[in-house]
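So the structure is just underneath, and the comments pick up after that.
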Amino acid sequence: MSRINVMKPWLGEEEVLALTEVIESGWVAQGPRVARFEREFAASMQANHAVATSNCTTALHLALIVAGVQAGDEVIVPSFSFVATANAPTYVGARPVFIDVDPDTGCVTADGIAAALTDRTRAVIVVDQGGVPVDLDPIRDLCDPLGIVVIEDAACGAGSTYKGRPVGAGAALAAWSFHPRKLLTTGEGGMLTTSNSDWAERARRLREHAMSVSASDRQASILAPAEEYLEIGYNYRMTDMQAAVGIVQLGRLPEIVRRRREIAERYTAALSGIVGLRPVGDPEWGTSNYQSYWVEVGPDYPFDRETLLVRLAEAGVSARRGIMSAHLQPAYEGSPSYRGPLPVSERLTGNTLILPLYHQLEDAEQTTVIDALLSPLTVAAHG
Ligand SMILES: *Cc1c(COP(=O)(O)O)cnc(C)c1O
């Protein structure tokens, strides 16, 4: 039986050619293609500056450093997110403070943040969860006057919009991922975008050991200038091989989003008649790229989430459990980050599943998924 995966990257001949060109050029580490990818990504996301990184987790780490977050500070984060969102503040010695999310969007709200503020709060990480745009404006209205930096974890957000602009465009700092589970991929890879030129310059240095002269600039001169190491930095660089793939992928983004939204629409239409299944959708303030098309399995559905996953697997459909909650993981057991119940996060983590959705998904394959969701109802009706 052929298997339907939850996600597949869309890579083709153009990526192969771009990669061949880089290898033949003899310059494979961070260089001109990374610089070009940064320019094109910034233009596409309406950001002033873009700094390519090795992945989104390292972009989040750099964001926290340039935002001035330090040991002992508190950073408000959703527990309902991939674990990297919670881990990043710990890299600078700060404490993530978990808050709950809105049940419709899976994103944090200004009210949730307001309730968790203390005099140690230094930053907030908001997430465009599963590609659903977070309602950023009220959050910035709350945090900006208090000097609290709002960092947007847009790992899943490329191609989503907020009030008519790309997500992240209105953020002081936004971090992006190019892991194959996201819409654009470079194998591994990330980007930091920011409106602040000082932050961009410092992040650019920090990702390259905080060297005063970049490796590609030294390489460009016959008599290389002496470099200095201005502070303790990191090696969070992207390679030109990754960037060459990223440039091609970025060109595919509108087509990827168009197709994903078409598939999502068909799922939503099919599911609207099924009692007990609640799919994610667009919020009133923007559009989702449907990086994750999740469905909540309610008590009215004949099966619980685990049983439904098994039934889908029997039909050759590899769906996935929904988005995790960090506070339920051993790494955060008994952690002071957990200050109160997070009922929505726990409900969504326990009862949602993510359906297959990728560019190349065929209509017949999607029909197989939909039929597998419908079949328990037919059995129940006849049994
Ligand atoms: C995938 C993801 C990350 C981590 O991205 P990497 O590029 O794998 O480091 C961070 N935050 C969220 C919300 C994610 O979905």
*Condition broken by I274, with the remaining ones in (1) in a loop (DSSP other than H, G, I, E, B); (2) open to solvent by 30 Å² or more (accessible area, probe 1.4 Å) satisfied*: (2)
*Which ones in region 173-231 are closer than 20 Å to V92 by Cβ, open to solvent by 50 Å² or more (accessible area, probe 1.4 Å) and within 13 Å of the chain's Cα centre (by Cα)?*
none
*Quickly run through region 115-161 and pick out the residues that are away from the ligand (no atom under 16 Å from the Cβ), part of a loop (DSSP other than H, G, I, E, B) and not charged (D, E, K, R).*
L117, T118, G147, I148
*Which pairs do you get when a residue that is modelled with pLDDT of 95 or more, found in region 92-119, comes within reach of a residue that is outside any strand (DSSP E or B) and surrounded by fewer than 16 Cβ atoms within 10 Å (Cβ to Cβ), reach meaning Cβ atoms under 6 angstrom, with the pair 6+ apart or on two chains?*
G93/A71; A110/P138
*Members of region 312-328 found to be part of a helix (DSSP H, G or I), within 15 Å of L353 (Cα to Cα) and touching a strand residue (DSSP E or B) at 6+ places or on another chain (Cβ under 9 Å), listed by number*: L312
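Out of D104, D119, which single residue is closer than 27 Å to T287 by Cβ and either open to solvent by less than 10 Å² (accessible area, probe 1.4 Å) or not polar (S, T, N, Q) (or both)? Give the steps one after another, and end with the answer.
On the way: D119 fails: closer than 27 Å to T287 by Cβ.
Among D104, D119, only D104 is closer than 27 Å to T287 by Cβ and either open to solvent by less than 10 Å² (accessible area, probe 1.4 Å) or not polar (S, T, N, Q) (or both).
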*Report whether or not R260 is within 16 Å of the ligand (Cβ to nearest atom), at pLDDT 95 or above and either assigned by TED's automatic domain parsing to the domain that holds I23 or outside any loop (DSSP other than H, G, I, E, B) (or both).*
yes
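From the list S335, S325, which residue is hydroxyl-bearing (S, T, Y) and either touching a Leu at 6+ places or on another chain (Cβ under 9 Å) or open to solvent by 70 Å² or more (accessible area, probe 1.4 Å) (or both)? Can you show your working first?
Numbers: S335 fails: either touching a Leu at 6+ places or on another chain (Cβ under 9 Å) or open to solvent by 70 Å² or more (accessible area, probe 1.4 Å) (or both).
Exactly one residue qualifies, and that residue is S325.
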*Kindly indicate whether any position in region 21-34 is away from the ligand (no atom under 14 Å from the Cβ), under 20 Å from A171 (Cα atoms) and crowded, with 17+ Cβ neighbours inside 10 Å.*
no
*Of all residues in region 55-87 being open to solvent by 30 Å² or more (accessible area, probe 1.4 Å) and farther than 11 Å from A123 by Cα, the one that is farthest from the ligand (Cβ to nearest atom)*: G72
*When the residues of region 164-187 are filtered to those that are touching a Cys at 6+ places or on another chain (Cβ under 9 Å) and part of a loop (DSSP other than H, G, I, E, B), which remaining residue is nearest to the ligand (Cβ to nearest atom)?*
H179
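The values are calculated or read from the model by the stated rules, or taken from the named source; none is laboratory data. This structure is a prediction, so every number in the text was calculated from the model and none was measured. Note that each Cβ is placed from the backbone with ideal geometry, even for glycine, and that neighbours are counted across all protein chains shown. Areas reflect the complete protein model, heavy atoms only, side chains present, ligands, DNA and RNA absent. Shrake-Rupley method; radii C 1.70, N 1.55, O 1.52, S 1.80 Å.
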